[in-house]
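Trainee: Just dropping this structure here.
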Amino acid sequence: MNKQPAGPLAGIKVVDMSVMIAGPLAAMMLGDQGASVVKVEAPGLGDMMRHLGTSKNGMTGIFINNNRGKRSIVIDVKQPAGLDAMRTLIAEADVLIQNFRPGAMDRIGLGWEAMHELNPKLIYTSISGFGPDGPMSGRRAYDNVIQAASGLADVQTNPAKGAPELFRTLVCDKTTAYTACQAITAALFARAMGTAEGQHIVLSMLDTAIAFLWPDSAMDVSLTDDDVDRAPTLASSYTAIPLADGYAAASAVSESEFAGLCATYGRPELAEDPRFIGLASRAMHRKELSNALREAARSTTVEQFMKGVVEHDVPGTKITPLSELHDDPQVINNKVFVERQHPVAGMVREPRPAARMSATPQHIGDHAPTFGQHSDEIVTELGLDAAALRAAGVIY
């Protein structure tokens, strides 16, 4: 059997003390890239994601989606023996990820300064909702709260309703995970290049969300002089297009795209209307054009729309329900999904890592672990007596 090429982070050891989404997803992505990841959970419930949402035999889909490729140890760090075991684990690690409230890790003796002294090469990553200090630092934060605080909810304001709306996906958690993963690999690169040893990465969901929305959504507030020519943001007109038997999305910026969209709706003459020739003119008559296109779309079937956008080279497609995504021909072509049998949860569908790397390919890690599945194995590797620690209630 041919052995798979090692991932780009092969040999890197990660200790994941985080819970929920932002930290665990970052650690999972490092695992997909070849790192060895140990997930540390507290006795009792452990990571709350083990208990929320769709599940089978006690294993939830959301936990699987954020924790594959990890080994799980359940350890009581409130006991001296547990704290000693954690220090031993961290002493051998390259990366530590934690997302407890600011100050919590210091109080139990596992803060940045203590761990840097213990392991100078360690990349210590602290993730929080609002930041390590400031008026909101100590407050609990979930994704929807950060959407509200960062401006993301404001950007989603529905013009028809005049009220802000929330993304119905954990956009702040996930963008924080991707930001953390990139920062960690950058820190590992700096360490390898000799420009830095270990370092402390401090990352808040609030900062990440603002940085995420700013490149396009903040185009208006980025230019602060009074004489700026202001215009709607590029995505301000994004809306689902109601068709005769479904929904679609399309954009028409160039003249050829606009003409193609009109033809797709069976109204090619609209592209020749003097009111709608050129971007500036279409902007001046936005309401009339929108009404005409909306009326034409309502009499266009999804099949006609899909055929038309291809024939006329228009950027557009039908809106695909999530439940049908795995059957989409392009998704199948891209080999996005892997379906495999989880030992507890049954058949699961997971997306492979999105980036394809030719020399050091990423791989989907082993199945998401059950609670404390590898506790004995991990402490034994550390040279500790697993049976004694289990008997004392230090590991589970």
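Trainee: Estimate the FRET efficiency between F167 and H326 by the formula 1/(1 + (r/R0)^6), using the beta-carbon distance for r and 25 Å for R0, to the nearest 0.05.
Mentor: Details: r = 22 Å, r/R0 = 0.90.
My answer for the efficiency is 0.65.
Trainee: Quick one: length gained pulling K56 to N158 fully straight, 0.36 nm per residue minus the C-alpha distance?
Mentor: Details: separation 102, 0.36 × 102 = 36.72 nm, distance 3.70 nm.
Full-extension gain reported as 33.0 nm.
Trainee: Listed here are the pairs K56/K121; K161/K287; K161/K307; K174/K287; K161/K335; which of them are more than 29 Å apart at the Cα?
Mentor: On the way: K56/K121 40 Å; K161/K287 17 Å; K161/K307 33 Å; K174/K287 36 Å; K161/K335 40 Å.
Check vs 29 Å cut-off fails for K56/K121; K161/K307; K174/K287; K161/K335.
Trainee: Can you tell me the accessible area per residue over the chain, all protein chains present, probe 1.4 angstrom, in square angstrom?
Mentor: The answer is 54 Å² per residue.
Trainee: Is the shape of the stretch 1-88 best called rounded, prolate or oblate, per the rule: a/c under 1.5 gives rounded, else a/b larger than b/c gives prolate, else oblate, with a ≥ b ≥ c the square roots of the Cα gyration tensor eigenvalues? Mind showing how you got there, number by number?
Mentor: On the way: a/c = 2.23, a/b = 1.18, b/c = 1.89.
Judged from the Cα gyration tensor, the stretch 1-88 comes out oblate (a/c at least 1.5, b/c at or above a/b).
Trainee: I've got another one for you. Tell me, what is the 1.4 Å probe accessible area of T239, in Å² to the nearest 10?
Mentor: Taking all protein chains as shown, T239 has close to 100 Å².
Trainee: While we're on this one: Please arrange Y124, Y396 by accessible surface area, largest first, computed with a 1.4 Å probe and ligands excluded. All intermediate terms of the calculation are to be shown ahead of the outcome.
Mentor: Numbers: Y124 0, Y396 105 Å².
Largest accessible area first, the list is Y396, Y124.
Trainee: Still on this structure, I have one more. Using a 1.4 Å probe over the heavy atoms of the protein chains, calculate the carbon and sulfur portion of the accessible area of the stretch 297-360 as a whole percent.
Mentor: Details: 2480 of 4450 Å².
It is 56 percent, rounded to a whole number.
Trainee: Now, a different point. Between R230 and S281, how many nm apart are label points set 7 Å from Cα along the C-beta direction?
Mentor: Modelled inter-label distance: 2.8 nm.
Trainee: Let me know the shape class of the stretch 328-396, please: from the alpha-carbon gyration tensor, a ≥ b ≥ c as square roots of the eigenvalues, rounded when a/c is under 1.5, otherwise prolate if a/b is greater than b/c, or oblate. Walk me through the numbers before you get to the answer.
Mentor: Numbers: a/c = 5.67, a/b = 2.29, b/c = 2.48.
Oblate is the answer for the stretch 328-396, as a/c is 1.5 or above yet b/c matches or exceeds a/b.
Trainee: Still on this model: Quote to one decimal, in nm, the extra length available between V253 and W214 on full extension: 0.36 nm per residue of separation minus the C-alpha distance between them.
Mentor: Details: separation 39, 0.36 × 39 = 14.04 nm, distance 2.20 nm.
In short, 11.8 nm is gained.
Trainee: Would you mind pulling out the separation of the Cα centroids of the stretch 198-219 and the stretch 289-365, in Å?
Mentor: 28
Trainee: Between rounded, prolate and oblate, where does the stretch 245-396 land on the alpha carbon gyration tensor, with a ≥ b ≥ c its root eigenvalues, rounded for a/c under 1.5, else prolate if a/b exceeds b/c? Don't skip to the end; give the middle numbers.
Mentor: On the way: a/c = 3.65, a/b = 3.47, b/c = 1.05.
Prolate.
Trainee: Let me ask another. With axes computed from alpha carbons, what is the tilt in degrees of helix 255-264 against the longest principal axis of the chain, rounded to the nearest 10 within 0 to 90?
Mentor: So the inclination is approximately 80 degrees.
Trainee: Mind putting a number on the dipole of the stretch 4-143 about its Cα centre? Charges go on the C-beta only, +1 for Lys and Arg and -1 for Asp and Glu, and I need it in Debye to the nearest 20. Kindly include the intermediate steps, with their values, before the conclusion.
Mentor: Numbers: 14 positive and 13 negative charges, 80 e Å.
The calculation lands at about 380 debye.
Trainee: Next question. Tell me which label goes with the value of Cα extents along the principal axes in Å computed from the coordinates here: (1) 82, 56, 40; (2) 84, 51, 39; (3) 61, 52, 45.
Mentor: Among (1) 82, 56, 40; (2) 84, 51, 39; (3) 61, 52, 45, the one derived from this structure is (1).
Trainee: Using heavy-atom solvent-accessible surface (probe 1.4 Å) with all chains present, what is the largest-first order of E197, E165, E350?
Mentor: Details: E197 105, E165 50, E350 5 Å².
Ranking E197, E165, E350 by accessible area, largest first, yields E197, E165, E350.
Trainee: How would E303, E255 rank on accessible area, largest to smallest, probe 1.4 Å?
Mentor: Values: E303 145, E255 85 Å².
Per-residue accessible area, sorted high to low, gives E303, E255.
Trainee: Please give the charge dipole size of the chain, origin at the Cα centre, charges +1 on K and R Cβ atoms and -1 on D and E Cβ atoms. Round to the nearest 20 debye. Mind dumping the intermediate values first?
Mentor: Details: 35 positive and 45 negative charges, 192 e Å.
Its charge dipole is roughly 920 debye.
Trainee: Here's another thing I want to ask about it. Quick check: at a probe of 1.4 Å, how many percent of the accessible area of the stretch 128-169 sits on carbon and sulfur atoms? It would help to have the intermediate numbers written out before the result.
Mentor: Values: 1410 of 2710 Å².
Roughly 52 percent, rounded to a whole number.
Trainee: What's the carbon and sulfur percent of the stretch 1-125's accessible surface, probe 1.4 angstrom, rounded to a whole number? Present the calculation step by step, with values, prior to reporting the outcome.
Mentor: Details: 2840 of 5200 Å².
Here carbon and sulfur together make up 55 percent of the probe-accessible area.
Trainee: Kindly state, as a whole number, the per residue volume in cubic angstrom of the convex hull around the alpha carbon atoms of the stretch 42-98. Each step should come with its number before you reach the end.
Mentor: Working: hull volume 5.8 nm³, N = 57.
About 101 Å³ per residue, rounded to a whole number.
Trainee: Evaluate the relative contact order of the chain (contact order divided by residue number), counting alpha-carbon pairs under 8 angstrom at least 6 apart; express in whole percent.
Mentor: Numbers: 662 pairs, mean separation 82.3, N = 396.
Result for the chain is 21 percent.
Trainee: Between P120, P132, P315, which gets the highest mean-square fluctuation from a Gaussian network model of the chain, Cα cutoff 10 Å?
Mentor: Most flexible of the set in this elastic network: P315.
The values are calculated or read from the model by the stated rules, or taken from the named source; none is laboratory data. Every value quoted in this text rests on a predicted model; they were computed, and no experiment measured them. Cβ: placed from backbone, ideal geometry, glycine included. Neighbour counts: every protein chain shown. Accessible surface is based on the protein model in full, side chains and every heavy atom, while ligands, DNA and RNA are left aside. Shrake-Rupley method; radii C 1.70, N 1.55, O 1.52, S 1.80 Å.
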